[in-house]
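**Student:** Attaching a single structure in C-alpha cells format; questions to follow.
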Amino acid sequence: MKSRGQVLDRLPAGSRLLVIRLRSLGDCVLTTPALQLLKRSRPDLQVAVMVEKRWRAVFEGNPDVDQLLPPEPAAALRWRPRLCLNLHGGPRSAWLTAASLARWRAGFAHFRYRRLYNLRIPTAQQILRVTRKVHTAEHIASAVFFLGVPAGEVPPARLFAQPAPRGEREYAVIHPLASKPSKTWPAERFLSLARRLEDEWDMEPVFIAGPGEDLGAFSAYRCVVGAPLEEVKSLLAGAALFVGNDSGPAHMAAALGRPVLVIFGDSDVDVWRPWRTVSEVIVARAGIERVSEAEVFGALLRLRMAA
C-alpha cells in the first residue's frame, strides 16, 4: 500500500480519475471542496464523478468536474481511470470500483471489501492530525490530502446556478421537513415564522420539499414540491436567506453563499453544520419541539445583520 503523497505525484499528466459519490444530497454538495482542492493541485487531471441521475445537478456547471457518469460498470470501464476514489463505501460502489479496472483504487480503511482497495485511507483525524470531531467536508477532503494534495484549509462547498428571477419582493426559502420527527421543527412554528417574515420584513416565504413529500400544511404560501434539482438550485441562488431543519437543501444554500439558519434536532452539529457561509445554528438540546419561535427569529435577526 502506497503512502500518502506518492500517488498523485506518480500519475502522468492528463491522467483520468474517477470519483464515486453515488447519492445523498448533503454528501454530494460537501464533496465539492475536495474536488476543488484536487483540481487546484493537479489541474491537468481529467476528473469524472459517478453519481445517480437524481443528484447530477449538484455537479453540473462545476469547473472542477470534467465528466459526469452514470453509476454503471460499463461507464466506469469506458472512462479508463488510472485512479478510482470511492467516497461512497457500499457494496454497489465497491463493484463499480472494481469495474473501473483502475491501477490505483482508493477507499477509506473502514469500508467493506477492503481487499479491493490498494490505497486504504485512514481516518480524517489521522490525516488532519486532530483529535476532535471533523466536519463532513473535512472528512471527504482528507481523502485527497492522503492521495497527495497538499494539506491546507478546506474551501467552501460550491454550486453553480443562475438565480431565479426575483419578483417585487425578496424571498426566503424554507425547508420545513426532515428525514425523521426528531429532526423536524413543528409545522405551526414554521408557519408563524413565515407570517413574521412577510409582515415584519416584507419577505415572501417559499416552502420547498422533495418528490413525494407533503407541504399541505403550508398551502397558504408558495410551495415548490418535487422540482428538479436544477430548479431548486436556481431558487436557492436567488433567495435572501434560507431557513430549515438539518437537511440537504441547507447544504445547497450554504454552497450558493446564501445566509443560512439551520435548526438541529438529534443530528451532530459539529459534523453537519453549514460549511463556511454566513450562518446561524440552533441546537435543540432538549428536543427540537422545545425550540421556540422567539429563539429562531432572534437568530434570523443576527443573521440579517451579519449578511
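The values are calculated or read from the model by the stated rules, or taken from the named source; none is laboratory data. Nothing here was measured: the structure is a model prediction, and the numbers come from that model. Cβ atoms come from the backbone with ideal geometry, glycine included; neighbour counts cover every protein chain shown.
**Student:** Which condition does Phe111 not pass, out of (1) crowded, with 17+ Cβ neighbours inside 10 Å; (2) within 30 Å of Leu301 (Cα to Cα), if it passes all the others?
**Tutor:** Among (1) crowded, with 17+ Cβ neighbours inside 10 Å; (2) within 30 Å of Leu301 (Cα to Cα), the lone unmet condition for Phe111 is (2).
**Student:** Kindly indicate whether Val130 is assigned by TED's automatic domain parsing to the domain that holds Arg40, within 21 Å of Asp268 (Cα to Cα) and over 22 Å from the mean Cα position of the chain (by Cα).
**Tutor:** Against the criterion (assigned by TED's automatic domain parsing to the domain that holds Arg40, within 21 Å of Asp268 (Cα to Cα) and over 22 Å from the mean Cα position of the chain (by Cα)), Val130 qualifies.
**Student:** Let me ask something additional. Can you list the strands (runs of 3 or more DSSP E) lying wholly within segment 19-122 that have 2 or more residues being over 23 Å from the mean Cα position of the chain (by Cα)?
**Tutor:** Numbers: elements: 46-50, 67-69, 83-86, 104-108, 119-121.
So the answer is 104-108, 119-121.
**Student:** While we're here: Are any of the residues in segment 97-111 farther than 21 Å from Arg23 by Cα and touching a Ser or Thr at 6+ places or on another chain (Cβ under 8 Å)?
**Tutor:** Within segment 97-111 (the criterion being farther than 21 Å from Arg23 by Cα and touching a Ser or Thr at 6+ places or on another chain (Cβ under 8 Å)), the answer is no, since none of the residues qualifies.
**Student:** I'd like to check which helices (runs of 4 or more DSSP H) are fully inside segment 231-307 and have at least 3 residues that are surrounded by 18 or more Cβ atoms within 10 Å (Cβ to Cβ) and over 15 Å from the mean Cα position of the chain (by Cα).
**Tutor:** The helices (runs of 4 or more DSSP H) meeting that bar are 293-306.
**Student:** Can you work out which of the residues in segment 178-190 that are modelled with pLDDT under 95 and in a loop (DSSP other than H, G, I, E, B) is farthest from the chain's Cα centre (by Cα)?
**Tutor:** Only one residue tops the list, namely Lys180.
**Student:** Against the definition (surrounded by 14 or more Cβ atoms within 10 Å (Cβ to Cβ), more than 30 Å from Arg105 (Cβ to Cβ) and at pLDDT 95 or above), how does Val173 come out, yes or no? First the steps, then the outcome.
**Tutor:** Values: surrounded by 14 or more Cβ atoms within 10 Å (Cβ to Cβ): yes; more than 30 Å from Arg105 (Cβ to Cβ): yes; at pLDDT 95 or above: yes.
Yes, satisfied.
**Student:** Count, please, the residues in segment 51-70 that happen to be out of contact with any helix residue (DSSP H, G or I) (no Cβ under 6 Å at 6 or more places or on another chain) and under 25 Å from Pro91 (Cα atoms).
**Tutor:** Matching residues across segment 51-70 total 9.
**Student:** Taking segment 249-307 as the region of interest, how many residues are under 23 Å from Met203 (Cα atoms) and either in contact with a helix residue (DSSP H, G or I) (Cβ under 6 Å, 6 or more places away or on another chain) or not small (Gly, Ala, Ser) (or both)? Walk me through it before giving the result.
**Tutor:** Step one: of segment 249-307, the residues under 23 Å from Met203 (Cα atoms) are 249-263, 274, 277-282, 291-307.
From what is left, the residues that are either in contact with a helix residue (DSSP H, G or I) (Cβ under 6 Å, 6 or more places away or on another chain) or not small (Gly, Ala, Ser) (or both) are 249, 251-253, 255-256, 258-263, 274, 277-278, 280-282, 291, 293, 295-297, 300-305.
Residues flagged as under 23 Å from Met203 (Cα atoms) and either in contact with a helix residue (DSSP H, G or I) (Cβ under 6 Å, 6 or more places away or on another chain) or not small (Gly, Ala, Ser) (or both) within segment 249-307 amount to 29.
**Student:** Another question, if that's okay. From Ala124, Ala48, Ala94, Ala99, grab the single residue that is under 30 Å from Leu235 (Cα atoms), surrounded by 14 or more Cβ atoms within 10 Å (Cβ to Cβ), touching a helix residue (DSSP H, G or I) at 6+ places or on another chain (Cβ under 6 Å) and free of Cβ contacts under 8 Å to residues at least 40 places away in the same chain.
**Tutor:** Of Ala124, Ala48, Ala94, Ala99, the one residue that is under 30 Å from Leu235 (Cα atoms), surrounded by 14 or more Cβ atoms within 10 Å (Cβ to Cβ), touching a helix residue (DSSP H, G or I) at 6+ places or on another chain (Cβ under 6 Å) and free of Cβ contacts under 8 Å to residues at least 40 places away in the same chain is Ala48.
**Student:** Which residues, taken from segment 195-230, are touching a Gly at 6+ places or on another chain (Cβ under 8 Å) and not in a strand (DSSP E or B)?
**Tutor:** We begin by selecting, within segment 195-230, every residue touching a Gly at 6+ places or on another chain (Cβ under 8 Å); these are 204, 209-213, 225-226.
Gly210, Pro211, Gly212, Glu213, Gly226, listed by residue number.
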